[in-house]
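Note sheet for the following structure.
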Amino acid sequence: MVTADLKTLIRVRDWQVDEKQRVVGALLRDLDDLKARARALDQEVTSEQEIARSAPDEAGMAYAGYARRVLDHRAELAQTIAKAEEAVSAAKSALSQAYHDLKTVEIAQENRERLAAAEVERRETIALDEIALQGFRQRAPER
């Protein structure tokens, strides 16, 4: 029957939605990790600045090289975060499309089931009407 084909398609589409949800979740976790690394780097810079201020003779020379490396690392981290945010956005868009596709097939399946039930009801009504008509004919006096 045709409805079985849509049920299989619904399972496939549901699996695709689940898979895309897992991808979005993984990308969001990666993005959170990157943001946590950026916060940790900011805290590290603050700590190093305090150390450099407390001992300018000893840490002052080393801090300049450290500051350059941190600026480079921040720039790389910012680019990586931007790419991760784009990836999350694209994955969310793909998830939205997969969910839309799933709902489209589910609605089509519901419509088919509703039409099939209406057809069964129509046939039952015809059969019952025929039975009632035969009973009426049998009880009616012959003319």
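From helices alone, the chain scores -36500 deg cm²/dmol at 222 nm; the rule is -39500 (n - 2.57) for each run of n ≥ 4 DSSP H residues, then divide by the residue total. Taking every alpha-carbon pair in region 1-88 and binning the separations at 10 Å intervals from zero gives 15, 27, 19, 15, 10, 7, 4, 2, 0 percent. Evaluated over the chain, the count of Lys pairs having alpha-carbon atoms less than 18 Å apart is 6 (only pairs 8 or more residues apart or interchain).
Read-outs: derived from the displayed coordinates by stated rules, not from any lab. Because the structure is a prediction, the values reported are computed rather than measured.
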